[in-house]
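Heads up, the thing below is written out as structure tokens.
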Amino acid sequence: MSEPLLRLDGIEKSFPGVKALDGVTLNVHAGKVMALVGENGAGKSTLMKVLTGIYKRDAGALTYLGGKVEFKGPAESQKAGISIIHQELNLLPELSIAENIFLGREKIGPLGNIRWKDMYAEAGELLDKLGVKHSPRTRLGTLGIGEQQMVEIAKALSFESRVIIMDEPTDALTATETKALFNVINELRDTGHGIVYISHRLKEIFEICDDVTVLRDGKFIGEKAVADMDEDRLIEMMVGRRLEEQFPRVDVEPGKISLEIKDLHAPRVDGVSLSVHEGEILGVSGLMGSGRTELMKAVYGALPVESGTISIFGETKRIRSPKDALNAGIVYISEDRKADGLVLGLSVKQNMTLSALQAFCAKLGHVVRTQERRAVDGFIDAFNIKTPTRNQTVGNLSGGNQQKVSIAKGLMNRPKVLILDEPTRGVDVGAKKEIYQLINEFKEKGMSIILVSSEMPEILGMSDRIAVMHEGRICGEFPAEEADQEKLMACSVGKVREETTA
């Protein structure tokens with residue numbers, strides 16, 4: 001085999017109390033896609049930060065284009081031809097798509113003026129390649145998360161790098177957007193680029209990658225050809241054990257109707273009626289832009305309800321804010337943990353108890369810290385959150401561990417109705433199962449759960465009943481035993497309009 005385009009060899013990196021990387025190796029070859037996988041906290045993000053110069057390595061060597069290198073920061077690694085598409089968006093919502101793509105690299109004319117025409121033209125070409133239909137002049141903040149992710153990808157492609165690192169690039173993408181991205185990856189591979197593909201979606205690893213490198217607890221476990229692996233073997237390498245059942249759904253006799261929505265109208269929601277029972281998981285499926293998130297935010301009071309009713313155990317509630325929803329027993333856990341779910345500068349403890357402090361208050365109004373700490377430690381243990389202490393700044397955790405904190409924050413309120421919007425986005429297979437098991441525990445205790453997900457296997461594997469949205473309306477509803485991917489997809493694109501009542 002030819003020499004790698006990029007090689008990290010024996011990389012070590014420690015932080016106070018934590019050895020994040022312990023002898024890690026990664027090879028990236030020209031014309032190949034290398035998958036980098038491992039559980040949350042395995043060291044993937046730390047390794048990429050060492051590569052791009054954000055962190056200085058403690059030991060090991062970095063070889064690029066045949067020579068030893070050490071980058072002092074992302075600007076240097078980018079200039080050398082290494083680009084990274086981050087899992088967390090790094091864009092400015094008030095600027096246009098084109099301005100975001102070329103931010104800091106604007107095309108300047110001989111008199112110092114910005115050559116807008118050239119910028120818009122080049123941005124348009126990048127968007128066309130990715131199948132994005134918006135004008136380069138569109139303000140970024142008007143786009144959904146998935147569309148913004150495509151802009152982030154377009155930005156990375158604009159650097160014309162030799163090595164492109166993609167960190168969970170499809171997390172917020174629809175099936176159509178994912179297909180467009182895979183077409184671009186194949187083009188890049190054919191033209192001799194080296195790709196590092198980081199993903200928890202194992203199906204994608206087998207679809208798009210040539211080789212796979214596995215990390216576990218900061219250690220290099222192995223590098224294999226994807227053709228020589230299967231999903232069970234890959235999971236076993238990642239978690240160090242076999243996962244016998246991916247979706248551990250439990251059967252619970254449903255109780256009373258806890259939440260009932262009738263003819264609800266809100267932004268991008270057009271007359272939706274739904275109900276969910278105690279001890280039931282209602283899956284809500286649909287393509288991006290179908291109105292799923294807008295419906296959930298309206299129920300939670302984060303978007304205005306224009307008309308219709310929301311009832312809890314038969315009592316109509318006027319929900320005008322998230323505080324009203326929390327008082328009614330409704331908790332919503334956002335798909336966007338960075339913008340809506342967490343305060344990244346606060347600690348794990350502070351985030352978890354932020355909306356539930358009243359539960360830890362004594363009669364005189366002060367917080368009983370021993371009770372607060374006990375509750376936080378309970379969730380850290382139950383969710384297997386990888387953090388040095390409960391006082392660690394949540395922004396320093398990996399994306400998947402941040403997601404666990406976000407979910408624990410919602411559960412800290414002990415809600416009657418729990419709305420989970422993309423709860424396993426950016427979460428590894430082992431952690432997913434832990435989250436599913438916790439969801440089942442609350443289901444067995446009679447909690448009502450609404451699960452919004454773009455992953456059909458998750459919706460089909462965990463839901464008792466599934467409602468499908470299209471253009472702001474419910475276009476189909478199925479009991480779990482009657483649902484399959486074909487039916488859900490047909491509804492998602494508006495081909496099936498009749499409802500089946502469970």
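The values are calculated or read from the model by the stated rules, or taken from the named source; none is laboratory data. Model, not experiment: these values are computed from the prediction. Using ideal geometry, Cβ is built from the backbone for each residue, glycine included, and neighbour counts are taken over all protein chains shown. In case anyone asks, the SASA skips ligands and DNA or RNA and just uses the protein heavy atoms, side chains included. Shrake-Rupley method; radii C 1.70, N 1.55, O 1.52, S 1.80 Å.
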Selection from L5, S347, A80 lying farthest towards where the dipole of the chain points positive, charges on Cβ: S347
Charge dipole of segment 39-115 about the Cα centre (unit charges at C-beta), most positive-ward option of I108, V50, L65: L65
Mean-position separation - Cα centroids, segment 325-387 and segment 156-218, in angstrom: 35 Å
Separation of the F206 and E223 label points, Cα + 7 Å toward Cβ, nm: 2.4 nm
Length added when fully stretched, T191-L354, from 0.36 nm per residue minus Cα-Cα: 53.7 nm
Rel. contact order, % - alpha carbon contacts under 8 angstrom, at least six apart, the chain: 16 percent
Length-normalised contact order for segment 25-160 - Cα pairs under 8 Å, 6+ apart - percent: 22 percent
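Between F182 and R115, what FRET efficiency comes out of the Förster formula 1/(1 + (r/R0)^6) with R0 = 41 Å and r the beta carbon distance, rounded to 0.05?
Numbers: r = 32 Å, r/R0 = 0.79.
That gives a FRET efficiency of 0.80.
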Which of N327, G222, I257, positive extreme of dipole for segment 196-337 (C-beta unit charges): N327
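Ignoring ligands, DNA and RNA, what accessible area per residue does the chain give at 1.4 Å, in Å²?
Heavy-atom accessible area per residue stands at 44 Å².
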Two-site label geometry, L364 and E482: point separation in nm, points 7 Å out along Cα→Cβ: 6.0 nm
Highest to lowest packing among 260-266, 329-335, scored as the average C-beta count within 10 Å: 329-335, 260-266
N384 paired with K56, simple spin-label distance in nm, labels 7 Å along Cα-to-beta-carbon: 3.5 nm
Overall form of segment 159-293 per C-alpha gyration tensor (a/c, 1.5; a/b vs b/c): oblate
Segments 164-170, 94-100 sorted - mean Cβ within 10 Å per residue, highest first: 164-170, 94-100
Cα convex hull volume per residue for segment 345-430 (Å³): 100 Å³
Electrostatic dipole magnitude of segment 355-467 [Cβ: Lys, Arg +1; Asp, Glu -1; Cα centre; debye, to 20]: 500 debye
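Would you please put 116-127, 313-324, 141-152 in order of how densely packed they are, using the mean number of other Cβ atoms within 10 angstrom per residue and starting with the highest?
In descending order of packing, they fall as 141-152, 116-127, 313-324.
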Those lysines that a straight Cα-Cα span of less than 24 Å connects to K386, excepting residues fewer than 8 apart in one chain: K13, K19, K44, K49, K56, K219, K338, K349, K404, K409, K432, K433
